[in-house]
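One structure is given here, and the rest of the page talks about it.
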Amino acid sequence: MIKVYHAPNTRSVRIVWLLEELGLPYELKTLAFNPKDLQSEEYLAIHPYGQVPSIDEDGLILNESGAITQYILAKYGKGRLEPKAGTPEHARFLYWLHFAEATFMPPLGNIAQHAFIRPEAERIPQLVMESQAKAKKVLSVLDRELAGKPFICGNDFTAADTMLGYNLLLSKMFGLLSDDYPNVVAYFGRLAARPGFQKATAK
Ligand SMILES: N[C@@H](CCC(=O)N[C@@H](CS)C(=O)NCC(=O)O)C(=O)O
């Protein structure tokens with residue numbers, strides 16, 4: 001069985017949500033989002049930097065939410081939650097799956113660090129402002145992309161949505177998800193209404 005190393009409201013939401021959508025059994029190992037848990041000797045043996053998510057499946061340990069997502073789909077998806085591999089639709093699916101972590105997360109991560117997590121003396125307000133501007137640019141791009149379609153890859157919900165949905169959860173928490181982006185707001189509403197999202201964000 002897949003053991004998921006999870007901390008509430010972190011990127012491990014993506015993995016718990018994906019497993020819920022696929023109806024797969026999993027064991028949850030919940031860590032507190034603090035150095036005592038994440039930097040413990042035991043957890044550093046699972047993740048060299050002490051970050052979540054990680055999975056351990058019978059000794060196969062994997063970090064990186066995007067890699068874990070692709071591994072789970074390849075092993076258990078049976079074609080669900082992604083277009084057929086090798087098609088132009090699958091290429092777009094991969095684009096959005098990786099866009100979530102590689103392009104959208106860096107500004108959100110900076111906002112999290114410099115507006116909330118770091119001690120006040122270590123925060124850089126200028127970086128927060130620049131990161132808010134970058135995140136808003138991404139939200140504008142997404143808003144145009146989502147015009148007339150329910151999910152980021154079209155009519156079907158995919159694992160690109162579980163990746164991006166976490167970014168939008170953070171965007172909402174950071175007050176960035178405004179009426180300037182009506183298609184994104186409606187999209188996030190559809191994602192947040194899914195039982196898998198609700199279970200993942202309640203854990
Ligand atoms: N690219 C990694 C990023 C993992 C990551 O930064 N996770 C955050 C939580 S959302 C974390 O554990 N931060 C604690 C730390 O960096 O000390 C992924 O997608 O899994």
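Here are a few things to note about the model shown:
- Note on the stretch 134-182: residues that are assigned to a loop (DSSP other than H, G, I, E, B) and within 19 Å of the chain's Cα centre (by Cα) amount to 11.
- In the stretch 85-143, the residues that are under 19 Å from residue 168 (Cα atoms) and among the small types (Gly, Ala, Ser): 100, 102, 109, 112, 115, 131, 133, 135, 140
- Scope the stretch 98-114; condition buried (at least 18 other Cβ atoms within 10 Å of the Cβ) and within 18 Å of residue 177 (Cβ to Cβ); matching residues: 99, 100, 104, 105, 107, 108, 110, 111, 112
Condition check ((1) aromatic (Phe, Trp, Tyr); (2) within 16 Å of the ligand (Cβ to nearest atom)) across all residues:
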| residue | (1), (2) |
| --- | --- |
| 105 | no, yes |
| 120 | no, no |
| 132 | no, no |
| 159 | no, yes |
| 166 | yes, yes |
| 190 | no, no |
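- Per this entry, residue 31 is not counted among residues that are in contact (Cβ under 8 Å) with a residue 24 or more places away in the chain, touching a Ser or Thr at 6+ places or on another chain (Cβ under 6 Å) and under 28 Å from residue 171 (Cβ atoms).
- Residue check, residue 131 of a type in the set (Gly, Ala, Ser), loosely packed, with under 15 Cβ neighbours inside 10 Å, at pLDDT 95 or above and part of a helix (DSSP H, G or I): no
- Some residue of the stretch 114-125 being under 18 Å from the mean Cα position of the chain (by Cα) and not charged (D, E, K, R): no
- Taken residue by residue, the stretch 46-68 has no member that is touching a Gly at 6+ places or on another chain (Cβ under 7 Å), among the aromatic types (Phe, Trp, Tyr) and either assigned by TED's automatic domain parsing to the domain that holds residue 177 or within 29 Å of residue 134 (Cα to Cα) (or both).
- Within the stretch 62-85, residues that are touching a residue at least 60 places away in the same chain (Cβ under 8 Å) have Cβ atoms under 7 Å from residues that are within 13 Å of the ligand (Cβ to nearest atom) and part of a loop (DSSP other than H, G, I, E, B) in these pairs: 65/11; 65/53, counting only partners at least 6 apart in sequence or on another chain.
- Within the stretch 119-139, the set of residues being polar (S, T, N, Q) and under 15 Å from residue 186 (Cβ atoms) is empty.
- In the stretch 90-103, residue nearest to residue 128 (Cα to Cα) [restricted to those that are hydrophobic (A, V, I, L, M, F, W, C) and more than 10 Å from the ligand (Cβ to nearest atom)]: 99
The values are calculated or read from the model by the stated rules, or taken from the named source; none is laboratory data. Note that the structure is a prediction, hence the values are computed from the model and not measured. Quick reminder, even Gly has a Cβ in these numbers, built from the backbone with ideal geometry, and neighbours come from all protein chains shown.
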